[in-house]
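Notes follow the structure.
What follows draws every value from the coordinates through simple rules; no lab data is involved. Predicted model, so just to flag it, every value in this text is computed and none were measured. Positions of Cβ are generated from backbone atoms using ideal geometry, with glycine treated the same way; all protein chains shown enter the neighbour counts.
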Amino acid sequence: MKTIRNMVFETNSSSTHSITLNGLTDYYDIPSHTLKVEFGEYGWEHERYNTVREKLSYVFTMIQYKINDDSYLGIIESKYAKWIRELVKDFCSQEVEINKNERCYECGYIDHQSTDILDDFWSDDENEFKKNMKEFIFNDRYGFMTDNDNR
């Protein structure tokens, strides 16, 4: 069961991640040949993420929770990472380079209360996965934000 609220932020957790609908126009921040993406750390910060690179980072970081493997090789060799790289190559002719996180978590981190935020976009069917992720990553209406209620 889902509840969709407009203009209301409500959670039962101390941290939450939300898909947001934007009106952005500057989401193409892709370099000329290689799109370098780093695993991210998404916890309790209050931040809004809207760019292609930021959304790709979130998706690649999310993979470890979907495959139950937080090893660098496990993630980058997963079918999901392969599909995302193919999607980016097909959509904008860019190779994706996935870099380890230089901070605390080598393969990034998503707060445990928010590892289901992309469930509506996730699929084990390759075509559906690519279609959904193309919509999330490259559609300038989508972004995501992190926040918490410990203020």
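Counting charges near Trp122 (Lys, Arg +1; Asp, Glu -1) among other residues having Cβ under 13 Å from its Cβ returns a value of -4. When Lys100, Lys130 are sorted by how many other C-beta atoms sit within 10 angstrom of their C-beta, beginning with the fewest, the order is Lys100, Lys130. Summary value for the stretch 34-148: 45 percent relative contact order, contacts being C-alpha pairs under 8 angstrom separated by 6+ residues. With neighbour counts taken as other beta-carbon atoms within 10 Å, the residues Met133, Met145 rank, fewest first, as Met145, Met133.
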